[in-house]
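First comes the structure, then the notes that go with it.
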Amino acid sequence: MTERDKSDLPQGTLDLLILKVVALGPVHGYAIAQRLQQTSRDVVQVRQGTLYPALHRLENRGVLAAEWRESETGREAKFYKLTRKGRALLETEAASWRRLSDAVGMILKLSEGGAE
């Protein structure tokens with residue numbers, strides 16, 4: 001995969017994607033990154049230097065709660081779960097993203113002579 005095949009995430013998108021993965025159940029940071037990469041077929045690849053500050057920011061905002069537990073490898077890891085506030089934010093942000101995505105899709109369908 002070349003650099004061109006990868007996609008830079010628009011501002012705020014990473015938080016939405018993290019919230020969606022965490023909504024599936026308690027998960028540690030490395031597993032979040034893996035899930036995003038696998039689900040997106042390697043288009044979304046989040047570096048540790050980007051992911052962990054985002055997780056800390058979301059935890060500080062009260063949308064994620066975290067606890068230290070043993071991971072599947074036997075190491076201690078910080079597992080994240082959504083708070084009630086986080087679930088509400090996920091719903092709001094997902095709806096906003098869908099509206100924007102639909103609008104961009106409509107614009108991209110325009111032909112030179114007008115809408116298709």
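Computed from the coordinates by the stated procedures, all read-outs in this text should not be read as laboratory data. Everything numeric in this text was worked out from a predicted model, so none of it was measured. Reconstructed Cβ throughout: ideal geometry from the backbone, glycine too, with neighbour counts over all protein chains shown.
Hey, can you list the DSSP H helices of the chain whose Cα span along the axis is 20 Å or longer and whose average Kyte-Doolittle score is at least 1.0? Helix filter hits for the chain: none. Close Lys pairs in the chain, defined as Cα atoms under 30 Å apart and 8 or more places apart or on different chains, number 8.
Sorted ascending by nearby beta carbons within 10 Å, beginning with the fewest, E91, E59 become E91, E59.
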